1. Using Cβ-Cβ distances only, list the Cys residues of the chain with no partner cysteine under 4.7 Å, sorted by number.
2. Accessible area of the stretch 305-370 with a 1.4 Å probe: how many percent of it is carbon plus sulfur?
3. Determine the per residue accessible area of the stretch 269-311 with all protein chains present and a 1.4 angstrom probe, expressed in square angstrom.
4. Quick one: pull the percent of accessible area on the stretch 129-260 belonging to carbon and sulfur, 1.4 Å probe, ligands and nucleic acids left out.
5. So, for the stretch 119-227, what is the accessible surface per residue at a probe of 1.4 Å, expressed in square angstrom?
6. Among the aspartates and glutamates, select those whose C-alpha is under 12 Å from the C-alpha of Lys351, and discard any that sit fewer than 8 residues away in the same chain.
7. Can you give me the long-range amide H partners of Gly293? Hydrogens built in the peptide plane at 1.01 Å from N, cutoff under 5 Å, separation of 5 or more residues or another chain.
8. So what is the relative contact order of the chain, in percent, for Cα pairs below 8 Å that sit 6 or more residues apart?
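The values are calculated or read from the model by the stated rules, or taken from the named source; none is laboratory data. Every value quoted in this text rests on a predicted model; they were computed, and no experiment measured them. No Cβ is skipped: glycine too gets one built from the backbone with ideal geometry, and neighbour counts run over all protein chains shown. To get the accessible areas, we keep the full protein, side chains included, count just its heavy atoms, and leave off ligands, DNA and RNA. Shrake-Rupley method; radii C 1.70, N 1.55, O 1.52, S 1.80 Å.
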Amino acid sequence: MPDKFETLLREAAKRPEVIGMGGGLPSPRQFPRRALVQALAEAVFQSSPAALQYAWPEGADDLRARIAEHMASRGAAVDPGRILVTSGAQQALMVAAQLLCPRGSRMLTDPETYPGALELFRARGIDLIPFPEGDFAAADACAAYVMPAVGNPRGVAMGGEARRRLLASGVAILEDDAYGDLRFDGPGPRPLCAEAPDRVFFIGTFSKTLAPGLRVGWLVPPERFQEEATRAKRDADLQANGLGQAIVERYLRAEGFPHRLERLRVFYRRRAKHLASAIRRELPGWRFELPEGGFALWLEPDAPDCRGGELGLLEAAIDEGVSFDPGSSFRPDRSPHPLALRLCYSALDPKDLAEGARRLARAWRRVEHR
Ligand code: PMP
């Protein structure tokens with residue numbers, strides 16, 4: 001994200017009166033605080049508290065076994081020994097990119113995608129290129145970065161045809177499943193790694209389903225990259241947060257994770273519907289697709305530009321008391337055209353969603369071309 005946007009959003013985040021519709025945060029109402037504290041206490045007061053000790057870079061075996069069980073429930077049979085516990089999905093992305101894509105290579109990405117991945121790829125000197133219409137081989141890409149189950153920012157799954165073409169292409173795949181457990185209609189589709197384990201790097205996380213502060217995610221690299229991936233992980237930070245791993249493992253063991261996911265799906269689906277109706281009411285000409293999962297929707301105003309462009313709209317919005325994620329940060333070429341934005345429904349109560357949409361509509365009236 002350009003500096004001026006980040007400065008504006010950081011400043012806005014400090015003002016409690018500004019309704020923050022950006023950021024992609026899980027709902028604070030959904031943090032299982034009591035269960036997490038109990039899991040922490042158990043881990044710390046064990047007679048030999050492994051969670052407080054140094055450990056192996058690949059992660060705690062009991063947690064890897066639970067992650068394998070979870071992946072099996074999605075239709076991907078993975079040996080626990082193949083799972084590398086990482087500091088969030090972000091580190092898994094970093095390790096995969098490091099292994100597959102040297103400086104100057106080319107990564108295939110969607111026209112709008114997760115900014116944290118785009119920034120990471122750019123910083124590593126990787127060129128970002130769109131999916132080709134025709135022959136994948138001609139694109140000469142080191143890998144493709146995709147979110148097959150639930151995309152960010154649109155909250156929808158990859159289409160069946162795109163999925164088939166990608167699998168048939170033979171290209172290496174970074175499968176980011178950060179929101180894959182939060183499809184509103186039930187467990188996400190079978191991961192691509194189950195179809196092409198020899199060239200898919202599967203990336204998962206507990207940030208969206210438990211708490212991002214735990215910093216626990218995971219990577220399943222293809223078998224032939226296992227050692228190299230473990231070394232890269234170790235070189236980065238020795239191991240993922242041991243306390244975070246122990247808390248997650250105990251939570252998964254005690255609480256019945258599938259039931260939690262059911263509750264989260266109902267909760268976030270309701271929030272998505274609230275935001276959708278607020279937008280239809282306040283900004284009737286604006287276009288969006290109803291999300292199938294995740295935390296956010298992608299919104300296109302009824303005009304491709306406005307006075308002051310994207311920055312003008314964000315400034316007017318913050319002035320009216322609402323913030324959003326600018327569309328340009330999701331685009332590989334950073335283009336602010338056509339005007340678009342991502343709005344998150346995940347962390348806001350219905351009345352704030354309604355008021356946020358109202359404020360956004362007021363901001364739009366100030367900057368729209370008439
Ligand atoms: N991938 C996607 C699509 C995301 O939205 C995010 C977080 N915003 C991440 C990866 C990184 O998540 P984590 O907290 O697990 O590092």
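1. Cys193, Cys306, Cys344
2. Numbers: 1160 of 2440 Å².
Ligands and nucleic acids excluded, carbon and sulfur give 48 percent.
3. Values: 2010 Å² over 43 residues.
For the stretch 269-311, the per-residue accessible area is 47 Å².
4. Numbers: 2560 of 5030 Å².
Carbon and sulfur atoms account for 51 percent of the accessible area of the stretch 129-260.
5. Numbers: 3990 Å² over 109 residues.
I get 37 Å² per residue for the stretch 119-227.
6. Output for Lys351: empty list, no partners.
7. Phe184
8. Details: 700 pairs, mean separation 88.9, N = 370.
For the chain, the relative contact order is 24 percent.
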